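J.: Pasting in a structure now, in structure tokens, and then I'll have a few things to ask.
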Amino acid sequence: MSAKLKQEESKEVKGEKVSFSSASDYMAIKLNGQDGKPQGETFVEHKIFAKKLIASKKATEDKDAKIEFSASNTQILKD
């Protein structure tokens, strides 16, 4: 008699693919002050974090800001 582990079917991975490789991955936002109005300084954050801040009313999107993106010089070395 022989026994072996039963192979499970591959499970589909759910979620959103996150990248940091283009300007469309980022948003310009203004943080809201205590009165709920945007403060003067504009920040650039990843779109996932920015959308969470906007949804929680802690920031507003700065649609007039232009985002300049430069490629990273990061390299990953494998042995």
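J.: Once the dipole of the chain is set up with Lys and Arg at +1 and Asp and Glu at -1 on Cβ about the Cα centre, which of Gln39, Ala3, Asn73 lies farthest towards its positive end?
T.: Ala3
J.: Please state the Cα pair-distance histogram of the chain with 5 angstrom bins from zero: what percent is in each bin?
T.: Bin by bin from 0 Å, the calculated values are 3, 12, 16, 15, 12, 10, 8, 6, 5, 4, 3, 3, 1, 1, 0.
J.: On average, how much accessible surface per residue is there in the chain, in Å², for a 1.4 Å probe, leaving out ligands, DNA and RNA?
T.: 99 Å²
J.: Accessible area of the chain with a 1.4 Å probe: how many percent of it is carbon plus sulfur?
T.: 50 percent
J.: How big is the charge dipole of the chain about its Cα centre, in debye rounded to the nearest 20, if each Lys and Arg gets +1 on its Cβ and each Asp and Glu gets -1 on its Cβ?
T.: 320 debye
J.: Next up: With viscosity set to 0.890 mPa s at 25 °C, what whole-number translational diffusion coefficient in µm²/s follows for segment 13-53 from Stokes-Einstein and a Kirkwood radius over Cα pairs?
T.: My calculation gives 211 µm²/s for D.
J.: Moving to a separate point now. Among all the lysines, which ones have a C-alpha under 28 Å from Lys30's C-alpha, if same-chain residues fewer than 8 places away are not counted?
T.: Those lysines meeting the cut-off are Lys17, Lys47, Lys51, Lys52, Lys57, Lys58, Lys63, Lys66.
J.: Another one. If you plug each phi of segment 40-49 into the Karplus form 6.51 cos²θ - 1.76 cosθ + 1.60 with θ = phi - 60°, what whole-Hz ³J(HN,Hα) values come out, in order, with x for Gly and Pro?
T.: Coupling constants for segment 40-49: x, 7, 9, 10, 10, 10, 4, 4, 5, 5 Hz.
The values are calculated or read from the model by the stated rules, or taken from the named source; none is laboratory data. Note that the structure is predicted; figures quoted are calculated from it, not measured. We place every Cβ from the backbone using ideal geometry, glycine too, and count neighbours over all the protein chains shown. Surface areas here come from the heavy atoms of the whole protein model, side chains and all, with no ligands, DNA or RNA. Shrake-Rupley method; radii C 1.70, N 1.55, O 1.52, S 1.80 Å.
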